[in-house]
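Visitor: Pasting a structure below so you can have a look.
The values are calculated or read from the model by the stated rules, or taken from the named source; none is laboratory data. Just so it is clear, the structure is predicted and the values come from calculations on it, not from any experiment. Reconstructed Cβ throughout: ideal geometry from the backbone, glycine too, with neighbour counts over all protein chains shown. Note: areas computed on protein heavy atoms with side chains; ligands, DNA, RNA excluded. Shrake-Rupley method; radii C 1.70, N 1.55, O 1.52, S 1.80 Å.
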Amino acid sequence: MSFQETFKALSDPTRREILRLLRDRAKTAGEIGSHFDMTGATISHHLSVLREAGLISDQRRGKYIYYELNLSVLDEITGWIAGLKGDRHNEVE
């Protein structure tokens, strides 16, 4: 995972909404797609971008693939951002 891939993935409002949908629990592509007015192929593309950026993971359960948030990557991003804010505070003093 690189920050460049991560921020590119986060730049799209549909992908941000997918992440929000996965906040509570893992979901299948069909469950995710039911929240959008777009084709399954488009949803699959968005899921692929999120997976390549490390923001989600997938796991096969029976005949379905479930997608879930990768909280370790989100923790890394928020830690990096918090570090920027902390560094700025220290420079002001």
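Visitor: Could you grab me the full set of residues in segment 1-18 that are within 14 Å of S44 (Cα to Cα) and of a type in the set (A, V, I, L, M, F, W, C)?
Guide: A9, I18
Visitor: Taking only pairs six or more apart or across chains, which ones have beta-carbon atoms under 8 Å, a first residue in segment 47-64 that is aromatic (F, W, Y), and a second residue that is modelled with pLDDT of 95 or more and not in a helix (DSSP H, G or I)?
Guide: Sorted first by the residue in segment 47-64, then by its partner, the pairs are Y64/T28.
Visitor: A further question follows. Somewhere in segment 28-48, is a residue at negative phi, in contact with a Ser or Thr (Cβ under 7 Å, 6 or more places away or on another chain) and not small (G, A, S)? Explain how you work it out, then say what you get.
Guide: Initial filter on segment 28-48 (at negative phi): 28-48.
Remaining after also requiring in contact with a Ser or Thr (Cβ under 7 Å, 6 or more places away or on another chain): 29, 36, 46.
Subset that is not small (G, A, S): 36, 46.
Yes, segment 28-48 has at least one match.
Visitor: Shifting gears a bit: Please note which helices (runs of 4 or more DSSP H) are completely contained in segment 1-85 and include at least 2 residues that are open to solvent by 60 Å² or more (accessible area, probe 1.4 Å) and among the small types (G, A, S). Explain how you work it out, then say what you get.
Guide: Details: elements: 3-10, 13-21, 29-33, 40-52.
Helices (runs of 4 or more DSSP H) meeting the threshold: 40-52.
Visitor: Let me ask something additional. May I ask you to list the residues in segment 1-49 that are more than 10 Å from the chain's Cα centre (by Cα) and β-branched (V, I, T)?
Guide: Listed by number, the residues that qualify are T14, T28, I32, T39, T42, I43.
Visitor: Which residues, taken from segment 1-41, are polar (S, T, N, Q), more than 16 Å from L74 (Cα to Cα) and touching a residue at least 40 places away in the same chain (Cβ under 8 Å)?
Guide: Matches in segment 1-41: none.
Residue by residue, here is whether (1) in contact with a Cys (Cβ under 7 Å, 6 or more places away or on another chain); (2) over 26 Å from W80 (Cβ atoms); (3) among the hydrophobic types (A, V, I, L, M, F, W, C) holds:
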| position | (1), (2), (3) |
| --- | --- |
| F3 | no, no, yes |
| L10 | no, no, yes |
| I18 | no, no, yes |
| G30 | no, yes, no |
| T42 | no, yes, no |
| G54 | no, no, no |
| Y66 | no, yes, no |
